[in-house]
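Scroll down for the structure; my scribbles are underneath it.
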Amino acid sequence: MPTMATPHRVSPFLEPGLRTKPGSLAVVQLSRDNFLPVYLQEHTGEHDGYIEGAVVNTRFGSFPHSTLINVPWGSQIRASKVDTGSRGRKRKRQLTENSEGATPEPATNGAKTDTAEPDDADAETALKQAVADSSGFVHILPPTPEIWTTSLPHRTQVVYTPDYSYILYRLRALPGSTLIEAGAGSGSFTHAAVRAVYNGYPGTTPRRKGKVVSFEYNEDRYHKMQEELTQHGLDGLVQLTHRNVYEGGFLVDGGRSPEAEAVFLDLPAPWEALPHLSRRRPTTDDDGTEWVSPLHPKKSVYICTFSPCIEQVTKTVSALRRLGWVDIEMVEIMNRKLHTLRDRVGLNLQVDRGVNNSARDVDEAIARLTEIEERFRENVRPSRGEDTEMAEEEGVSRTRAAPRTEEDAAAPTAKFPWQDGQLITRGEPEIKSHTSYLVFAVLPVEWSDEAEAAVAAKYPLGKEQKVVGAMDKKAKKAQRREMLEQKKGDRKSRRKERDEKLAEGAVV
Ligand SMILES: C[S@@+](CC[C@H](N)C(=O)[O-])C[C@H]1O[C@@H](n2cnc3c(N)ncnc32)[C@H](O)[C@@H]1O
C-alpha cells in the first residue's frame with residue numbers, strides 16, 4: 001500500500017527518467033509477481049521510530065528509503081540492518097523524557113543541525129547510515145500501468161492488461177486523442193488509457209494534448225482516485241468528475257464538450273449512458289435548450305463497452321443500433337499463458353526440474369535394463385561359482401551400462417544444462433479467464449446540410465468531366481473519337497510492320 005501523498009508534476013508512469021527520485025512512486029519487486037508500490041521519502045529525521053528514516057519492511061529484510069533513492073531503475077537493492085526492536089523502547093523513553101520536562105528531541109536529517117555542537121541526544125538520533133544485511137534483496141522498478149494493475153488497492157473489479165491492451169488498440173487511442181471513461185473504479189484502465197493518449201502535459205505547446213475524461217459515481221472511490229491521480233502526477237492529464245453518467249452525461253466544466261474520439265464504458269448498464277453519446281439530441285423530450293454533444297464533431301468515434309453478462313450485451317447492442325452506431329461487434333478475450341521450457345529426456349540425467357526420466361532412445365533403454373538385471377543378479381548371487389555358471393549359460397554381459405559410442409564417452413559433460421534438450425511449449429490445461437464481453441462500435445461523422453452544400457459547391461452537378469456515366473454528350477463523343485483514332489493508328493502501324501517484313505523476305 002502506498003504510504004504517503006506527494007504531488008509530482010511529471011508522472012513516473014510516463015517519464016520515469018533514469019533514476020529513482022524522492023517524492024515519486026516506485027515499485028519494489030519482491031519476487032516475479034509480487035510488487036509493492038512505495039512513495040519514496042527523503043530523510044527528514046526519525047520516521048515511525050526508525051533512526052534510518054522511512055523503511056520498507058519485507059520478508060526479505062528491511063530497506064530504508066535512503067537506499068532506494070537516486071539509484072538507476074532496475075537496480076538490485078540489498079537489505080539493510082535496521083534495529084526494529086528498539087522502536088518501542090525509543091518511543092517509551094521519549095515519552096518519559098518529555099513528561100519529566102526534558103527538552104524535546106530535535107528532528108534531525110543526518111546533516112548538521114542548526115545548533116552549534118550536537119549534544120549527546122543529537123548524536124544518538126542523527127541519521128543512521130544503512131548497513132547492508134545478508135537477509136536478502138529486492139529490485140526497484142519504475143511504475144507502469146501493467147504493474148499498477150497487479151498491485152493497486154482494489155476498490156472494484158478492474159480491467160486487466162490482456163483486455164485493456166486490446167481495447168485501447170481497437171479504440172485507436174493514439175497520442176493526442178481524447179478518451180471518455182466511465183466508471184473510473186479503481187483506476188486500472190485509466191492508467192493504461194492515459195499512457196496511450198499522452199503526448200505531453202497541457203500548456204507546454206499549443207498542440208492538442210491527449211486526455212482522459214473520466215467519471216465516477218461512488219463518492220469514496222472518486223476521492224480515492226483523485227488522490228492517486230495527484231500522487232502519480234496524472235491530475236493534469238485525467239479530468240475526473242464525480243457524476244452519475246446515466247443522468248448527467250459526459251460534458252465537463254459546466255457544459256463544455258470534451259470532443260472525445262474514443263469512449264470506454266465499464267458500467268452495469270451502458271445502454272442507459274449511450275443516449276448522451278450521440279451527435280444530436282437523441283430523445284423526443286426537446287425542452288428547447290441547446291444540446292451539446294460530448295463527441296468530436298469532425299471525427300468518427302470508437303466505443304467499447306465491458307460487460308460480464310450476455311444479457312447486458314444484447315441490451316447494449318440494441319441501443320447502439322437504435323442510435324446509429326455501425327460496425328457493431330462483440331469480442332471475448334480468452335487469455336492463455338504459454339509455458340515454454342526445454343524438455344530434457346534421459347535416464348542418465350540427474351533427477352531435476354524439467355527433466356523427464358525416460359529413456360532417450362532404445363539403446364539407452366537396453367543399457368539401463370541390462371544394468372538393472374546385472375544388479376539383481378549380483379544381489380541374489382549365492383556363490384561365485386554358481387553365478388559364473390549361470391552367467392555363462394545365459395550369456396549375460398557383466399559390464400555396467402557403457403556409453404553407447406566412443407564419441408559419447410569422449411563428450412564433456414554439458415556445461416549449461418539449461419541449453420540441453422528440446423524447446424517445447426505447453427498451454428494451460430484449463431482456460432479460466434472470462435472477464436467480460438467487449439462490444440465495439442463506430443459512430444461515423446454526421447453528414448450535415450452544411451457538409452452537403454460544401455461538397456456541392458466544390459463539385460457542381462452536371463459539370464463532371466471524365467466520370468463514367470455522368471458525362472455530357474459532347475464529352476462522350478470526343479472520347480469515342482479519340483478511342484477510334486487510336487485504334488485506327490494501331491491498325492495502320494501493324495499493317496506497315498507486316499509489309500516491311502514481307503519486303504525484307506522477298507529481298508532475301
Ligand atoms: C467495475 S468498476 C470500473 C473499474 C475500472 N474500469 C478499472 O479498471 O479499475 C465500475 C465503476 O463504475 C461506477 N459506476 C456505476 N454506475 C455509474 C454511473 N451511473 N455513473 C458513473 N459511475 C458509475 C461504479 O461506482 C464503479 O466504481
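Candidates are the residues of the stretch 151-195 that are in contact with a strand residue (DSSP E or B) (Cβ under 6 Å, 6 or more places away or on another chain) and within 12 Å of the ligand (Cβ to nearest atom); the one that is nearest to TYR437 (Cα to Cα) is ILE167. Going residue by residue through the stretch 353-363, is there one that turns out to be more than 30 Å from ILE303 (Cβ to Cβ) and at pLDDT 85 or above? Scanning the stretch 353-363, I find at least one residue that is more than 30 Å from ILE303 (Cβ to Cβ) and at pLDDT 85 or above, so the answer is yes.
Checked against (1) surrounded by fewer than 23 Cβ atoms within 10 Å (Cβ to Cβ); (2) in contact with a helix residue (DSSP H, G or I) (Cβ under 6 Å, 6 or more places away or on another chain); (3) farther than 28 Å from PRO12 by Cβ, ALA273 passes all but a single condition, namely (1). Scanning the stretch 260-270 for residues that are assigned to a loop (DSSP other than H, G, I, E, B) and crowded, with 19+ Cβ neighbours inside 10 Å, we see that the one that is farthest from the ligand (Cβ to nearest atom) is GLU261.
The C-beta contact set for the stretch 177-205 (first residue without any contact (Cβ under 8 Å) to a residue 24 or more places away in the chain and closer than 14 Å to ASP163 by Cβ, second residue part of a helix (DSSP H, G or I) and within 16 Å of the ligand (Cβ to nearest atom), distance under 6 angstrom, 6+ apart or interchain) is empty. So which of GLY210, GLY203 ends up being more than 23 Å from ARG172 (Cβ to Cβ), small (Gly, Ala, Ser) and either modelled with pLDDT of 95 or more or in the same structural domain as CYS304 (by TED's automatic domain parsing) (or both)? Result: GLY203 is the single residue among GLY210, GLY203 that is more than 23 Å from ARG172 (Cβ to Cβ), small (Gly, Ala, Ser) and either modelled with pLDDT of 95 or more or in the same structural domain as CYS304 (by TED's automatic domain parsing) (or both). Checking each residue in the stretch 199-220 for being more than 10 Å from the ligand (Cβ to nearest atom) and either crowded, with 18+ Cβ neighbours inside 10 Å or within 19 Å of the chain's Cα centre (by Cα) (or both) picks out ASN199, LYS209, GLY210, LYS211, VAL212, VAL213. Taking the stretch 309-344 as the range and being in a loop (DSSP other than H, G, I, E, B) and surrounded by 13 or more Cβ atoms within 10 Å (Cβ to Cβ) as the test, the residues that pass are LEU323, GLY324, TRP325, ILE333, ASN335. Number of residues in the stretch 235-249 that are buried (at least 18 other Cβ atoms within 10 Å of the Cβ), assigned to a loop (DSSP other than H, G, I, E, B) and within 9 Å of the ligand (Cβ to nearest atom) equals 1. Take ASP253 and tell me if it is away from the ligand (no atom under 16 Å from the Cβ) and either buried (at least 17 other Cβ atoms within 10 Å of the Cβ) or within 30 Å of GLY203 (Cα to Cα) (or both). Yes; evaluated as a whole, the condition is true for this residue.
For the stretch 221-234, the candidate set comprises residues that are of a type in the set (D, E, K, R) and more than 9 Å from the ligand (Cβ to nearest atom); within that set, the residue that is surrounded by the most Cβ atoms within 10 Å (Cβ to Cβ) is GLU228. Scanning the stretch 301-322 for residues that are within 16 Å of the ligand (Cβ to nearest atom) and within 23 Å of the chain's Cα centre (by Cα) gives ILE303, CYS304, THR305, PHE306, SER307, PRO308.
The values are calculated or read from the model by the stated rules, or taken from the named source; none is laboratory data. For clarity, every value in this text was computed on a predicted model and none was experimentally measured. Using ideal geometry, Cβ is built from the backbone for each residue, glycine included, and neighbour counts are taken over all protein chains shown.
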